[in-house]
Amino acid sequence: MIPVRVQEAPFAMGAELDAFAAEAGGAGAVVSFSGLVRDIASGDLEAMEIEHYPGMTEKALTAIRDEAMARFSLTAAMILHRHGRMAPGEPIMMVATAAPHRADAFAAAEFLMDYLKSRAPFWKKEIAASGTGWVAAKDEDEAALDRW
Amino acid sequence: MLDLRYFAWLRERLGTGHETVETGAETVADLVEELKARGGAYAFVFDDLSGIRAAVDQDVVPFEAAISGAREVAFFPPMTGG
């Protein structure tokens with residue numbers, strides 16, 4: 001299993017999670033989170049386009065994943081994040097964590113997500129008949145890092 | 001020579017994602033002043049730095065950070081991953 005992957009192609013959450021769990025090194029607990037392309041308030045989202053910073057993206061995701069491995073009692077952790085154009089309902093990204101017990105697996109998954117939101121160089125653009133625009137960063141995403 | 005990279009709305013507004021410059025700037029802030037002095041889209045993009053982040057050699061840094069010896073400086077809006 002490659003612990004950090006950045007790709008344009010869609011992925012199958014179930015297959016990814018099965019592969020991760022199979023190599024999770026004797027863990028008793030596996031937690032995963034997947035983010036999907038959500039429709040917008042006007043209900044007419046056609047696509048989401050995600051731009052990223054090749055090179056820095058891999059570096060930032062590896063640092064975030066390494067930090068989770070150091071902070072929590074994990075046997076494995078992975079981050080998979082897409083870029084490019086995707087349709088409503090498609091998976092954008094997933095994280096998975098494996099640990100002897102569930103508390104570390106849950107906490108580490110939340111840690112990974114909080115850092116991915118505002119420390120990984122991705123930028124989302126929503127494309128809809130009613131308008132196209134870059135998704136603004138949320139103050140609460142930045143504030144969420146304070147708890148760690 | 002320094003590679004400059006722009007992402008998201010900065011890239012769209014400037015009409016390019018990459019350029020190479022000769023600069024005597026010692027810090028990111030100095031570089032921003034040089035770019036603003038070009039006027040036009042550059043003056044617009046760098047008018048309000050509160051909505052812009054900078055990275056030197058792929059690490060996010062404050063605007064007062066030094067760029068001596070750097071290969072690449074990037075400018076982008078706050079990140080929206082996940």
Looking at (1) at the interface with chain A (Cβ under 9 Å from one of its Cβ atoms); (2) more than 23 Å from A:L112 (Cα to Cα); (3) among the hydroxyl-bearing types (S, T, Y), which is the only condition B:T80 fails? (2)
Taking the criterion of being more than 25 Å from B:A55 (Cα to Cα) and of a type in the set (F, W, Y), would at least one residue in the stretch A:97-109 satisfy it? yes
Inside the stretch A:107-148, the number of residues satisfying the requirement of being among the β-branched types (V, I, T) and part of a strand (DSSP E or B) is 2
Residues located in the stretch A:47-79, provided they are surrounded by fewer than 19 Cβ atoms within 10 Å (Cβ to Cβ) and of a type in the set (V, I, T): A:T62
In this structure, does A:W148 turn out to be under 22 Å from B:Q58 (Cα atoms) and either surrounded by fewer than 22 Cβ atoms within 10 Å (Cβ to Cβ) or within 13 Å of another protein chain (Cβ to nearest Cβ) (or both)? no
Pick from the stretch A:80-90, criterion surrounded by fewer than 18 Cβ atoms within 10 Å (Cβ to Cβ) and touching a residue at least 60 places away in the same chain (Cβ under 8 Å), ranking: farthest from A:G25 (Cα to Cα): A:G84
Report the residue count in the stretch A:37-78 for those that are more than 16 Å from the chain's Cα centre (by Cα), among the acidic types (D, E) and either closer than 19 Å to A:V4 by Cα or within 14 Å of chain B (Cβ to nearest Cβ) (or both). 0
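Read-outs throughout are calculated quantities, based only on the coordinates presented, and are distinct from any laboratory measurement. These numbers were taken from a predicted model, which means no experiment stands behind them. Positions of Cβ are generated from backbone atoms using ideal geometry, with glycine treated the same way; all protein chains shown enter the neighbour counts.
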